[in-house]
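A.B. asks: Mind having a look at this structure? Questions to follow.
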Amino acid sequence: MKRLFGLLVLLAFVAMAPVAMATDGKTILYGGGGEGRVTFDGQLHASKGYVCNDCHLKLFTTQKKGLITREDHKTDTLCFACHNGQVAFKTCAGCHRDLSEAAVSVKPASATGPATAPAAKDTPVTLTYEGATTIGTKILPEASKLFTERFGVAFGTIGGAGASAGLKAVVEGKALIGGLASEPTEQQKGQVAAMEVIGFDVMGVFVNPKNPVHALTKADLKEIFAGRAINWKQFGGPDQKITVYSETLTGGRATVKAFQDMVLGTEKYGPLQERDDATDCIEDIAKDESGIAASSMSFATPHVQAISIDGAQPNRAAVQSGAYPLKRPLTLISQQTSGPVKSFFDFMLTKEAQDIVGKNFVPALSQ
């Protein structure tokens, strides 16, 4: 059975020129022998800069003669280990698109060409999102509804488990769209096929309104959040111990990472009170006159005070001018570079969608 599967794969790859397979937009059906049926996604490979010989001449051991076996997919070696340039995909959807029986017709592979999948019938696509809470709760509910009204593409689950969870879900094929709320790292860029910055989140530093300290510098924040400055009197406030609140440091939250990158640099957070979510931190600040927390301005309430940083207030004008230093890009990510996902990415840069972004954040495009 495995020999049959391998033969079909070999015929599929040998029968087509590498350039055509990577760029002509077709998908090549292969499988059989109980191994299941999937399609080679040439567009996805091309979008990542791959050509056939990257794997078939450089990676496979000579004795295998360029055959991909099912065992190879399970060992994190050879082709499967670098499809995304960084780590191995753990699900078939990372590289291939599943095809239902009704969507394809199969003909036996032969010396004249591989078994191919004709154009599939239009089937409803439901977009799903997982990732940064700021995007999932403050932008997508309204934007997805408008997108569905205009284009007829439905949205399913819109999660908010955090940026790390969103990246993982996209890489593993569990969500079509993910969301990051910090400057993407080179590793993150290498793990996905598409990225689109749709706006900028202004990060505020909040204190209780009864606290007379309404202005600090980035250097002050570093001393406070690193745990070296422990009393408000050091900054012209009352003789009162500073209580730092933060989302869980190990929870994969983008706010935690972004604030550390912008303020602490290579230093670690000092002693603090960890909470599950940004809204929990804000609620605690509203009750605690000695508290301080960093969070997205989209979570601000009338019960807390956002202080100025380096003499600039956390507003749109100061962010766009560069005067306010704490901001982070809001980025959509996906493994798909065409179809409904691309349509949605493009839609998010239209004036209507940017107006939605602008209700809580700074739009990516000037208005």
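The values are calculated or read from the model by the stated rules, or taken from the named source; none is laboratory data. What you see is a predicted model; the values in this text were computed from it and never measured. Glycine gets a Cβ as well: all are built from the backbone with ideal geometry, and neighbour counts include every protein chain shown. Surface accessibility is based on the protein's heavy atoms, side chains included, excluding ligands, DNA and RNA. Shrake-Rupley method; radii C 1.70, N 1.55, O 1.52, S 1.80 Å.
A.B. asks: Could you run the Debye sum over the Cα atoms of segment 236-344, one equal point scatterer each and no solvent, and tell me log10 of I(q)/I(0) at q = 0.17 Å⁻¹, two decimals?
C.D. replies: -0.95
A.B. asks: Also, I was wondering about something else. Let me check the size of segment 179-307 from its C-alpha atoms; what are the radius of gyration and Dmax in Å?
C.D. replies: In order Rg, Dmax, the Cα atoms of segment 179-307 give 15.2, 52 Å.
A.B. asks: Next up: Using the structure shown, list the pairs from Lys241/Lys359; Lys218/Lys351; Lys145/Lys257; Lys233/Lys359; Lys189/Lys351 with a Cα-Cα distance above 28 Å, or answer none.
C.D. replies: Values: Lys241/Lys359 36 Å; Lys218/Lys351 34 Å; Lys145/Lys257 30 Å; Lys233/Lys359 36 Å; Lys189/Lys351 26 Å.
Table pairs above 28 Å Cα-Cα are Lys241/Lys359; Lys218/Lys351; Lys145/Lys257; Lys233/Lys359.
A.B. asks: Right, next: Between Lys287 and Gln234, what's the calculated FRET efficiency when r is the beta-carbon distance and R0 is 22 Å? Round to 0.05.
C.D. replies: 0.45
A.B. asks: Next up: Given 0.36 nm per residue, what is the gain on full extension from Ala219 to Lys359 after removing their alpha carbon distance, in nm? The partial results should precede the final answer.
C.D. replies: On the way: separation 140, 0.36 × 140 = 50.40 nm, distance 3.01 nm.
Net length gain for the segment: 47.4 nm.
A.B. asks: Then there's this: Per residue, how much accessible surface does segment 267-367 expose to a 1.4 Å probe? Answer in Å², no decimals.
C.D. replies: Per residue, segment 267-367 has an accessible area of 44 Å².
A.B. asks: Going by average Cβ density within 10 Å per residue, which order do the peptides 144-153, 201-210 take, highest to lowest?
C.D. replies: Result, highest mean first: 201-210, 144-153.
A.B. asks: A further question follows. On a full-extension model of 0.36 nm per residue, what is the gain between His303 and Lys351, subtracting their alpha-carbon distance, rounded to one decimal in nm?
C.D. replies: That pair, His303 and Lys351, stretches by 14.1 nm at full extension.
A.B. asks: Could you tell me the distance between the Cα centroids of segment 131-199 and segment 253-312, to the nearest Å?
C.D. replies: Using only Cα atoms to place each centre, the spacing works out to 23 Å.
A.B. asks: Report the residues of segment 127-160 in range of a label on Arg316: point 7 Å along Cα→C-beta, backbone N strictly under 16 Å from it.
C.D. replies: What the label zone holds, given the 16 Å backbone N cut-off, is 139.
A.B. asks: Carbon and sulfur atoms: what percent of the 1.4 Å accessible area of segment 191-347 do they account for?
C.D. replies: For segment 191-347, the apolar C and S fraction of the accessible surface comes to 48 percent.
A.B. asks: A further question on this structure: Mind pulling up the Rg/Rh value for segment 211-276? Radius of gyration and Kirkwood radius, both on Cα.
C.D. replies: That ratio is 0.97, to two decimals.
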